[in-house]
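Please read the structure below before turning to the comments.
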Amino acid sequence: MGASLSNLTEGSNGTVMGPGLGDIPESCVACVFTYLTPPEICNLARLNRAFRGAASSDSVWEMKLPSNYQDLLDLVPPERYQNSSKKDIFALLSRPVPFDDGNKEIWLDRVTGRVCMAISAKGMAITGIDDRRYWNWVSTEESRFHTVAYLQQIWWFEVDGVVKFPLPADIYTLSFRLHLGRFSKRLGRRVSSFEHTHGWDIKPVTFELSTSDGQLASCEHYLDDTEQDYDNGNHKRGCWIDYKVGEFIVNDSEPVTEVRFSVKQIDCTHSKGGLCVDSVFIIPTDLKERKRKGMLK
């Protein structure tokens, strides 16, 4: 036995060789992978056969998927995931999955596997949206939904929305993505026009959210301010700003959580206009903060 062990540790030229990464059992590698992020696992899969096998293990990727990932798969045609490995299912769900006629999207964060959601302006109820004197739909590459609602002028500004989905247990932040002014490209450069932008510095707009289990949140913001907006790190005109409405807690995916949200300025003593409404985002709170600080890609 001693001779056999000697043979295992001697190289062809007689030099003594210690154990290498290739000697680690695949099951041990898989156990370590459960503590790593998906990008880290994919990078380590390049090392050798054992690492590559562990990086494809269903037991590893099962732990990266949310507990109710089947609810997300129910939004996908079955032929796209039948006979797929858990790794392939994670890859599928980490890309936006549209639902509600394409007006909503849900996806897994590629690093944490947490569930994120976006609701387009077309998935909300906007007062006066069918009257072209007030609103227009504008095609743009700056929206994940490729279309935003542009307000020219109105007295009663109100946007309401609702989403009902079995979100997994987590703490979520809901925010509106808005843009003061109309933007376009001219000679390859992005330019903003503020021809219709007015009224947002007179009274604040009110943001609200409520959940089916009684959670409430609200806040007010002046959308137009020539002073520096220190919370967002830039001026408010000519750029997209995410306005945080509030947070809500989901303790379990059952019963299904219904979330209602709105932004309004219904003081009819003055008109307002020149605003783009893109979407609403529902993102795990700490994930949103880490992304804002550049800690996650």
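The values are calculated or read from the model by the stated rules, or taken from the named source; none is laboratory data. None of these values were measured; they are calculated from a predicted model. Cβ sites come from the backbone with ideal geometry, for glycine too, and all protein chains shown count toward neighbours. For accessibility, only protein heavy atoms count, side chains too; no ligands or nucleic acids. Shrake-Rupley method; radii C 1.70, N 1.55, O 1.52, S 1.80 Å.
With a 1.4 Å probe and every protein chain left in place, work out the accessible area per residue of the stretch 22-95 in Å², rounded to a whole number. Intermediate values should be presented prior to the final figure.
Values: 4230 Å² over 74 residues.
Per-residue value: 57 Å².
Over all directions, how big on average is the projection of the convex hull of the alpha-carbon atoms in the stretch 115-295, in square nanometres?
Numbers: hull surface 43.8 nm².
Averaged projected hull area, Cα only: 10.9 nm².
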Going residue by residue through the stretch 202-210, the Karplus relation 6.51 cos²θ - 1.76 cosθ + 1.60 with θ = phi - 60° gives ³J(HN,Hα) values, rounded to whole Hz and with x marking Gly or Pro, of 8, 9, x, 8, 10, 9, 9, 9, 8
Strictly over 22 Å apart at the Cα level, which of K236/K264; K87/K164; K185/K244; K164/K272; K236/K288 would you flag in this model? K87/K164; K185/K244; K164/K272
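Quick one: putting +1 on the C-beta of Lys and Arg, -1 on the C-beta of Asp and Glu, what dipole do you get for the stretch 115-295 around its Cα centre, in Debye to the nearest 20? Can you show the working numbers first?
Working: 23 positive and 26 negative charges, 187 e Å.
Roughly 900 debye, rounded to the nearest 20.
What size of dipole, in debye to the nearest 20, comes out for the stretch 124-180 about its Cα centre when the only charges are +1 on Lys and Arg C-beta atoms and -1 on Asp and Glu C-beta atoms?
Working: 5 positive and 7 negative charges, 8 e Å.
Using Cβ point charges on Lys, Arg, Asp and Glu, the stretch 124-180 gives about 40 debye.
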Quick check: from the Cα gyration tensor, does the stretch 36-194 come out rounded (a/c under 1.5), prolate or oblate? prolate
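Can you work out the accessible area per residue across the stretch 115-295, with the rest of the protein chains kept in place, probe 1.4 Å, in square angstrom? Display every interim value, and only then the final one.
On the way: 9020 Å² over 181 residues.
Heavy-atom SASA per residue in the stretch 115-295 reads 50 Å².
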In whole Å, what is the distance between the alpha-carbon centres of the stretch 42-63 and the stretch 179-216? 45
Theoretical ellipticity at 222 nm over the chain - DSSP helices of four or more residues, -39500 (n - 2.57) apiece, nearest 500: -4500 deg cm²/dmol
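Which whole number of Å³ per residue matches the convex hull of the alpha-carbon atoms in the stretch 23-80? Don't jump to the answer; show the numbers that get you there.
Values: hull volume 5.4 nm³, N = 58.
Convex hull volume per residue, Cα atoms: 93 Å³.
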Neighbourhood net charge (15 Å Cβ-Cβ; Lys/Arg +1, Asp/Glu -1) for V263: -1
Considering only protein heavy atoms and a probe of 1.4 Å, how much of the accessible area of the stretch 115-295 is carbon and sulfur, as a whole percent? 48
